[in-house]
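What follows is one structure encoded as structure tokens, with my remarks underneath.
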Amino acid sequence: LEVARLHLLDLLEAGDLAGADAVLAVAVDTVERLGRPLHRWYPPMWRAMRALLDGRHGDAAELADRFRVEAHRAHYASTELVWTILRLQLALDTGGPADVLPALRTRLAEDPDRWAFASAVALARLGRTDEARAVLDLHDTRLSQVPHDLSRPAVLTYLAEAAHLLGDAQAAGRVHDALLPWDGHHVVLGAGAVCLG
């Protein structure tokens, strides 16, 4: 399962959706054969990610909620974080980021360095530029606190969009430099929660 998961991430980052879909089928089959509750949240998460890429918004919403149920059942510690990012991307894709603001406020209060990007991009998309600027505040210290883990390229990508929407060239330059190691790759969050293309 781990081999299939890592292969899936590699193919998504390379932009090979056909290859990713083939590996996704193998990974889902492996989860089903293993029959362990610990892994049952992977398939709805991956399918939600693919539904978002395909623009199947109704399916994405249903699958995100199915992921949440299975992940809570497995006591997955990051359930609410992954569910929130799935709902954020769905809201951004459908033009309804106001709906996800309450969840984003909760995440921002829990971990400002990890979640400032989400509030900044949602507020900027809503035209609430003063609030978005207050959250973005992309000075060197704040940018250096963006986690160096599997979330980093996605967080930086969302920050880039926020900087663009706010017309903040200085912040955009800082994010550009931070994103250079991922030049030429498609942006994938974590274990395949979201693929931003």
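Please work out if Gly96 is over 26 Å from Gly15 (Cβ atoms), surrounded by fewer than 17 Cβ atoms within 10 Å (Cβ to Cβ) and of a type in the set (Gly, Ala, Ser).
yes
Tell me yes or no: at least one residue of the range 149-165 is modelled with pLDDT under 85, touching a helix residue (DSSP H, G or I) at 6+ places or on another chain (Cβ under 7 Å) and either open to solvent by less than 70 Å² (accessible area, probe 1.4 Å) or of a type in the set (Ser, Thr, Tyr) (or both).
Within the range 149-165, none of the residues are modelled with pLDDT under 85, touching a helix residue (DSSP H, G or I) at 6+ places or on another chain (Cβ under 7 Å) and either open to solvent by less than 70 Å² (accessible area, probe 1.4 Å) or of a type in the set (Ser, Thr, Tyr) (or both).
With the range 70-147 as the region, which helices (runs of 4 or more DSSP H) entirely inside it contain at least 2 residues that are in contact (Cβ under 8 Å) with a residue 24 or more places away in the chain, among the polar types (S, T, N, Q) and closer than 23 Å to Leu53 by Cα?
Once the helices (runs of 4 or more DSSP H) in the range 70-147 are filtered for at least 2 residues that are in contact (Cβ under 8 Å) with a residue 24 or more places away in the chain, among the polar types (S, T, N, Q) and closer than 23 Å to Leu53 by Cα, what remains is 79-94.
With the requirement that a residue be more than 23 Å from Arg152 (Cβ to Cβ) and open to solvent by 40 Å² or more (accessible area, probe 1.4 Å), what does the range 10-30 give you?
Ala18, Asp21, Ala22, Ala25, Val26, Asp29
Could you check the range 12-30 and list, in sequence order, the residues that are under 19 Å from the mean Cα position of the chain (by Cα), assigned to a helix (DSSP H, G or I) and farther than 15 Å from Leu189 by Cβ?
The answer is Ala14, Leu17, Asp21, Leu24.
Name the residue, out of Arg133, Arg107, Arg114, that is in contact with a Lys or Arg (Cβ under 8 Å, 6 or more places away or on another chain), surrounded by fewer than 22 Cβ atoms within 10 Å (Cβ to Cβ) and modelled with pLDDT under 90.
One residue alone meets the criteria, Arg114.
Going by the conditions given, is Leu123 crowded, with 17+ Cβ neighbours inside 10 Å and in contact with an Asp or Glu (Cβ under 8 Å, 6 or more places away or on another chain)?
For Leu123, the condition - crowded, with 17+ Cβ neighbours inside 10 Å and in contact with an Asp or Glu (Cβ under 8 Å, 6 or more places away or on another chain) - is met.
All but one of (1) open to solvent by less than 80 Å² (accessible area, probe 1.4 Å); (2) over 23 Å from Val187 (Cβ atoms) hold for Asp59, so report the exception by its number.
Here Asp59 clears every test but (2).
Please tell me if Pro181 is open to solvent by less than 60 Å² (accessible area, probe 1.4 Å), of a type outside the set (S, T, N, Q) and either in contact with a Leu (Cβ under 6 Å, 6 or more places away or on another chain) or closer than 30 Å to Leu6 by Cβ (or both).
Numbers: open to solvent by less than 60 Å² (accessible area, probe 1.4 Å): no; of a type outside the set (S, T, N, Q): yes; either in contact with a Leu (Cβ under 6 Å, 6 or more places away or on another chain) or closer than 30 Å to Leu6 by Cβ (or both): yes.
Taking the combined requirement at face value, the residue does not satisfy it.
Anything in the range 31-49 that is open to solvent by less than 20 Å² (accessible area, probe 1.4 Å) and assigned to a helix (DSSP H, G or I)? List them, or say none.
Result: Val31, Pro43, Pro44, Met45, Trp46, Ala48, Met49.
Among the numbered criteria (1) of a type outside the set (Gly, Ala, Ser); (2) open to solvent by less than 30 Å² (accessible area, probe 1.4 Å); (3) without any contact (Cβ under 8 Å) to a residue 24 or more places away in the chain, which one does Val194 miss?
Only one criterion is unmet by Val194, namely (3).
The values are calculated or read from the model by the stated rules, or taken from the named source; none is laboratory data. Every value quoted in this text rests on a predicted model; they were computed, and no experiment measured them. With ideal geometry, Cβ positions are generated from the backbone for all residues, glycine too; neighbour counts draw on all protein chains shown. Note: accessible area is taken over every heavy atom of the protein model, side chains too, but ligands, DNA and RNA are not part of it. Shrake-Rupley method; radii C 1.70, N 1.55, O 1.52, S 1.80 Å.
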